[in-house]
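Engineer: The structure is given below, and queries will be raised subsequently.
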Amino acid sequence: MVKLIKSKKELIEYRSQEQTPIGFVPTMGNLHQGHISLLERSLSEFESTYFSIFVNPKQFGPQEDFARYPRTLENDLHLIQASAQKFPSKKIIVFAPDKIEDVFPPSDDLKVSVLGLTNVLEGEVRPGHFEGVATVVYRLFEVMRPKRAYFGLKDYQQFLVIKQMVKDLELNIDILGMPIVRESTGLALSSRNQYLGPEEKEKSLVLSRSLRRIGDILNKKRAHLPDALSFIKKLKEDKNWNYLEIRDAETLSEDITHSSQVTVLGVYQLGTTRLLDNFQTELE
Ligand code: AMP
């Protein structure tokens, strides 16, 4: 069963009737199988899954694509319905507010900042972005009060920021990171992929291919780091890379001398479209 709710008031009322813990999936809509993988994981774990669709103005910079971000509610509801049919005994509550005031109170002056993790990589390129993300997720957590919330590892830094926020605010919500869903070409699914023309789409494959190659070179061995770093240096001669880095998988620190888990994160820019990808690996 799928229930669509548009107002915060109705959401709070509906939520208060729930007898068992709930799962929660926050999104900005324009759904694809990446989002659906989060939804179906929650459906497999909870009687009720709350699924939000809200294009959050606070996480877009002034020069970014807030106005043209694809809003496709009708289509999104079809995809959600298809998942609902696979889980006939489960409930999906879609919260798709039309008004900003259904997420942020009118007098809103609250910002949630997770320091440290947010001034590097995406945070450095997009000042204020993670503050916008943490603030909206906090607001949504407040009304949803989920037992568990699902995030894609595609936005790996975002996943770390949310985990840290939950820890620091002692919110008692499990944060589950879900694997990146990809096209058969290797390109990570993203709502922004549709901004790419056919030629750009072909070019975009350099991102997933480079990451895969770096993974192969590393082959989980610290001793292979110098080879991986010189490969990265060579790749970066292509100025379309915003960044391509090996960092500690927990702290995102550049110093990985003692890191047993690292993450390799890259952003490749085609025109105004920034494509993100990453993977995590151990180093022995
Ligand atoms: P968005 O609508 O882009 O804010 O994404 C909502 C959630 O879906 C976030 O937790 C994303 O990390 C996740 N997500 C987006 N793309 C993918 C993907 N290709 N695979 C897995 N999760 C994804």
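Engineer: Inverting the mean 1/r over all pairs of different Cα atoms, compute the Kirkwood radius of segment 47-176 and quote it in Å.
Structural biologist: About 16.1 Å for segment 47-176.
Engineer: I would also like to ask the following. Tilt of helix 129-144 relative to the longest C-alpha principal axis of the chain, in degrees (0 to 90, nearest 10)?
Structural biologist: That works out to roughly 30 degrees.
Engineer: Using only Cα atoms and rounding to the nearest 10 degrees, what angle (0 to 90) does helix 225-235 make with the longest principal axis of the chain?
Structural biologist: 80
Engineer: Follow-up question, since we're still on this one. Could you calculate the FRET efficiency of D174 with L225 from 1/(1 + (r/R0)^6), where r is the beta carbon distance between them and R0 is 41 Å, rounded to 0.05?
Structural biologist: Rounded to the nearest 0.05, the efficiency is 0.80.
Engineer: With the radius of gyration and the Kirkwood radius both derived from the Cα set of segment 1-108, what is their ratio Rg to Rh?
Structural biologist: We get a ratio of 0.98 for segment 1-108.
Engineer: Report in % the part of the accessible area of the chain that belongs to carbon and sulfur, leaving out ligands and nucleic acids; probe 1.4 Å.
Structural biologist: 50
Engineer: Let me ask another. Using a Förster distance of 35 Å, how high is the FRET efficiency between E199 and K234, based on the Cβ-Cβ distance and rounded to 0.05?
Structural biologist: Working from the Cβ atoms, E equals 0.90.
Engineer: Further question: Provide the gained length on full extension for the span Q269 to H78, in nm with one decimal, where the gain is 0.36 nm per separating residue minus the Cα-Cα distance.
Structural biologist: Separation in residues times 0.36 nm, less the Cα-Cα distance, equals 65.7 nm.
Engineer: Averaging the inverse of every distinct alpha carbon separation and then flipping it gives the Kirkwood radius. What is it for segment 234-279, in angstrom units?
Structural biologist: Taking the inverse mean of 1/r over all distinct Cα pairs, segment 234-279 comes out at 11.4 Å.
Engineer: So between I100 and Y243, what do we pick up on full extension, going 0.36 nm a residue minus the alpha carbon distance?
Structural biologist: Full extension of this stretch gives 48.2 nm more.
Engineer: Enumerate the whole-percent occupancy of each 10 Å bin, from 0 to the last occupied one, for all C-alpha pair distances of segment 79-156.
Structural biologist: Reading upward from the zero bin: 14, 35, 34, 15, 2.
Engineer: When the label point is put 7 Å from the Cα of K167 along its Cα-to-beta-carbon vector, which residues of segment 227-254 have a backbone N closer than 18 Å?
Structural biologist: Only 247-254 fall inside the zone, counting backbone N under 18 Å.
Engineer: In Å, what is the Rg of the alpha-carbon atoms in segment 101-259, and how long is Dmax?
Structural biologist: Reported Rg and Dmax, both Å: 18.0, 55.
Engineer: Which values, in whole Å and largest first, are the semi-axes of the equivalent ellipsoid of segment 1-61 obtained as the square root of 5 times each eigenvalue of the Cα gyration tensor?
Structural biologist: 21, 17, 9
Engineer: Can you tell me the convex hull volume per residue for segment 64-119, based on C-alpha atoms, in Å³ to the nearest whole number?
Structural biologist: Dividing the Cα hull volume of segment 64-119 by its residues yields 175 Å³.
Engineer: Please state the Cα pair-distance histogram of the chain with 10 angstrom bins from zero: what percent is in each bin?
Structural biologist: Result, from short to long distances: 6, 27, 35, 23, 8, 1 percent.
Engineer: Now a separate question. Each label point is 7 Å from the Cα along the Cα-to-Cβ direction; what then is the distance between the points at S253 and A67, in nm?
Structural biologist: Distance between the two pseudo-spin positions: 4.4 nm.
Engineer: Report Rg/Rh for segment 179-284, rounded to two decimals, where Rg is the Cα radius of gyration and Rh the Kirkwood radius.
Structural biologist: Ratio of gyration radius to Kirkwood radius for segment 179-284: 0.98.
The values are calculated or read from the model by the stated rules, or taken from the named source; none is laboratory data. Given the structure is predicted, the values throughout are model-derived calculations rather than measurements. Glycine also receives a Cβ, built like all others from the backbone with ideal geometry; neighbour counts cover every protein chain displayed. For accessibility, only protein heavy atoms count, side chains too; no ligands or nucleic acids. Shrake-Rupley method; radii C 1.70, N 1.55, O 1.52, S 1.80 Å.
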